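Read through the structure below, which is laid out as structure tokens, and then see the notes.
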Amino acid sequence: MTEYQLLSGNEAIARGAYEAGVKVAAAYPGTPSTEILENLAGYDRVLAQWSPNEKVAMEVAAGASIAGARSLAAMKHVGVNVAADPLLTFSYTGVGGGMVLVSADDPAMHSSQNEQDNRYYGLLAKIPTLEPADSQEAKDFVLRAYELSETFDTPVLLRTTTRVNHSKSLVALAAPQEQILRDYEKRPEKYVMTPGNAIRRHQVVEERRLALTAFAGQTDLNRIERGRGEQGRVGFITAGISYQYLKEILPDASFLKLGLLWPLNEGLIREFAAGLDRVIVVEELEPVLETQILAMGIAAEGKAIIPRQGELSEETLRRVLAGAGLPVSPTAAVYASAQSLPPRPPILCPGCSHRGMFYTLKAMNLHVAGDIGCYALGSAPPFGCLDTTICMGASVTGAFGMELARGEAFAEKCVAVIGDSTFFHSGITGLIDIVYNQGRSTVIVLDNSITAMTGHQDNPGTGRDIKGQPAPAVDIVKLAESIGIRRIRVVDPFDLRGCRQTLAAELAAPEPSLIIARRPCALYVRLRQPPCRVETADCIGCGACLRLGCPALSVAGGKAIVDEGNCVGCGLCPQVCPKNAIREGVEA
């Protein structure tokens, strides 16, 4: 009897990799992809690892593939930018054992700095690109991806989106395949991409493209669903979660449901379009499919109707399709809570180790080059002290670039802030750049001893691996010393006076400085001291404590209030109260 489980798309991808006999899997955590490796690490026969960054993860997976094992690398969409260097050349070399790269895209930027469409990487690298529409397909497409990889000697891109990654549906499980390790042989003509070899391998890539295009016209990864009645005269070319929305809205329409997004087969699309009154391409974000279809000379509508920004939804598609003259109701009954709740913007958690440092940076009126992590919330009120947030590691190099552009006087008022995990990801090379090119920038590593923003994953500095087993821990102080940083200070971010004094001294120094603000994440270690208390008689209601942005603090009736249910007793508010009206708690 078939066993079924309710799985998210990420859980299903992990299950698919396990069933496919994957031996090596690597990733850097990033929403919405994180749970793939977390779940794969639960299968003992899979050698799973958190890598320092996505380029490393891609290269580890490529090396395992060349050595004959099935391998997988997983990352969020912007992580593929980091991994693009090995990816595009790995397309030339081809594989040993099958290799799959999972790109978890994030339309609407729920947890990302952009909403780039990574289907373009399939076109750019000329590798097969699959997109599942639900959890069952997420699992099944992983197995199909390994078949494609080994049949056509190519890495395969499995592109998902947030809704598929995090939505749950029933998945039929199967027994895992045997882990097969293919024979390894030295083949420099295939795997050593010097120009002479690469020229010949490019020809192989073009021959593979033609073979895959023929395959795209036959495979059941793509399917035509002919509709009924008047609805059936309208045809939709679509993929992924958009297919599910359209089936809800126009169940009797005709569909070309694409599972293989690159390459497209012109004959299949012409077959589908024949005899239809309208053909509409429905895809989130960029007109990747539409552009190729129009280039074939096939009449189709697309982004003239369908939004180019943000996620699609049933509500959005009802509205735009009704506006395009299709027989759908522009609205549908949707559940709405009877409660009227206030908006809840993201804030630093009670007891967050970053709060004291951002309070100090704000008070000192410094320019702050920011980075990707929880500390990006330093851009929000009441701090609002981040000048930039671009990509992983860009704080360190960005601050140095500002110094070069504006001189030493600016460097005396500018710092970079970066988390410990992000520092290991791509901050180290920037620090080397500052030393090598004789800069004087001040870099602050906000070391909360975990990869916090994505859910407390371990990293090279925590002393544990993905399975929670002991592992060597990188010592940031010794690492900085080894690359030539002479001024290194370790501070407690809950010591506001100490932080301010350290910052003032290091900003004035005519050489590079590294400040390590070290406190564990309050959610990870469950910091809980006796809550602070307000001596009401001494409180003047000045609101100085509110500048900490702590959700445990408020003012009512002209007096500060500490919410004992939220307060973790970090001790910051007593340090900022000008009247000593807030006192640290005492054990009962």
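Quick notes on this one:
- Only one entry of LEU276, LEU261 meets the criterion of being buried (at least 22 other Cβ atoms within 10 Å of the Cβ) and outside the structural domain of ALA138 (by TED's automatic domain parsing), and that entry is LEU261.
- Where THR154 falls short, out of the listed (1) in a loop (DSSP other than H, G, I, E, B); (2) surrounded by fewer than 24 Cβ atoms within 10 Å (Cβ to Cβ): (2)
- Restricting the stretch 48-65 to residues that are surrounded by fewer than 24 Cβ atoms within 10 Å (Cβ to Cβ) and over 17 Å from the mean Cα position of the chain (by Cα), the residue that is farthest from ILE36 (Cα to Cα): GLY63
- Residues of the stretch 412-439 satisfying the condition of being assigned to a helix (DSSP H, G or I) and buried (at least 22 other Cβ atoms within 10 Å of the Cβ): ASP420, SER421, THR422, PHE423, PHE424, HIS425, SER426, GLY427, GLY430, LEU431, ILE434
- Hey, ALA560 more than 21 Å from PRO520 (Cα to Cα), touching a Lys or Arg at 6+ places or on another chain (Cβ under 9 Å), of a type outside the set (Val, Ile, Thr) and in contact (Cβ under 8 Å) with a residue 24 or more places away in the chain or not: no
- In the stretch 197-217, the residues that are over 18 Å from PRO155 (Cβ atoms) and among the basic types (Lys, Arg): ARG200
- Of all positions in the stretch 66-89, at least one carries a residue that is over 18 Å from the mean Cα position of the chain (by Cα), part of a helix (DSSP H, G or I) and farther than 22 Å from CYS391 by Cα.
- Exclusive hit being farther than 19 Å from THR422 by Cα and among the polar types (S, T, N, Q), set THR2, THR34: THR2
- GLY30 vs. criteria under 15 Å from the mean Cα position of the chain (by Cα) and either at pLDDT 95 or above or in the same structural domain as LEU123 (by TED's automatic domain parsing) (or both): yes
- Only one of the numbered conditions (1) within 22 Å of ALA84 (Cβ to Cβ); (2) in a loop (DSSP other than H, G, I, E, B) is not met by ILE199, and that is (2).
- Residue within the stretch 176-197 that is under 19 Å from LYS257 (Cβ atoms) and either outside the structural domain of ALA20 (by TED's automatic domain parsing) or under 32 Å from the mean Cα position of the chain (by Cα) (or both) present: no
Conditions tested, residue by residue: (1) farther than 25 Å from ILE450 by Cα; (2) surrounded by 16 or more Cβ atoms within 10 Å (Cβ to Cβ); (3) in contact with a Leu (Cβ under 8 Å, 6 or more places away or on another chain); (4) not polar (S, T, N, Q).
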| position | (1), (2), (3), (4) |
| --- | --- |
| ARG526 | no, no, no, yes |
| GLN529 | no, no, no, no |
| GLU535 | yes, no, no, yes |
| CYS539 | yes, yes, no, yes |
| LEU548 | no, yes, yes, yes |
| ALA560 | yes, yes, yes, yes |
| ASP563 | yes, no, yes, yes |
| PRO574 | yes, yes, no, yes |
| ALA581 | yes, yes, no, yes |
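- Within the stretch 205-294, strands (runs of 3 or more DSSP E) holding 2 or more residues that are touching a Ser or Thr at 6+ places or on another chain (Cβ under 6 Å): 260-262
- Failed item, numbered, when GLY30 is tested on (1) free of Cβ contacts under 8 Å to residues at least 60 places away in the same chain; (2) surrounded by 23 or more Cβ atoms within 10 Å (Cβ to Cβ): (1)
- Residue match in the stretch 111-120 (condition: assigned by TED's automatic domain parsing to the domain that holds THR194, closer than 30 Å to GLN469 by Cβ and in a loop (DSSP other than H, G, I, E, B)): yes
- Scanning the stretch 306-318 for residues that are without any contact (Cβ under 8 Å) to a residue 60 or more places away in the chain and surrounded by 17 or more Cβ atoms within 10 Å (Cβ to Cβ) yields one hit, ILE306.
- Residue tally, condition part of a loop (DSSP other than H, G, I, E, B) and polar (S, T, N, Q), over the stretch 346-387: 2
- Qualifying positions in the stretch 25-65 - within 24 Å of SER135 (Cβ to Cβ) and among the β-branched types (Val, Ile, Thr): THR31, THR34, ILE36, VAL46
- Some residue of the stretch 466-482 being modelled with pLDDT of 95 or more, hydroxyl-bearing (Ser, Thr, Tyr) and closer than 30 Å to ILE36 by Cα: no
- Per this entry, VAL171 is counted among residues that are in contact with a Lys or Arg (Cβ under 6 Å, 6 or more places away or on another chain), surrounded by 19 or more Cβ atoms within 10 Å (Cβ to Cβ) and under 20 Å from ILE13 (Cβ atoms).
- Residues of the stretch 180-205 satisfying the condition of being surrounded by 10 or more Cβ atoms within 10 Å (Cβ to Cβ) and either in contact (Cβ under 8 Å) with a residue 60 or more places away in the chain or on the phi > 0 side of the Ramachandran plot (or both): ILE180, LEU181, ARG182, TYR184, LYS190, TYR191, MET193, ALA198, ARG201, HIS202, VAL204, VAL205
- Tally, over the stretch 323-340, of residues that are modelled with pLDDT of 80 or more and farther than 30 Å from GLU301 by Cβ: 2
- Count of the stretch 473-499 residues which are part of a helix (DSSP H, G or I) and of a type in the set (Lys, Arg): 2
The values are calculated or read from the model by the stated rules, or taken from the named source; none is laboratory data. Treat the numbers as computed from the prediction; the structure is a model and nothing was measured. Here the Cβ is made from the backbone with ideal geometry for all residues, glycine too, and neighbour counts use every protein chain on show.
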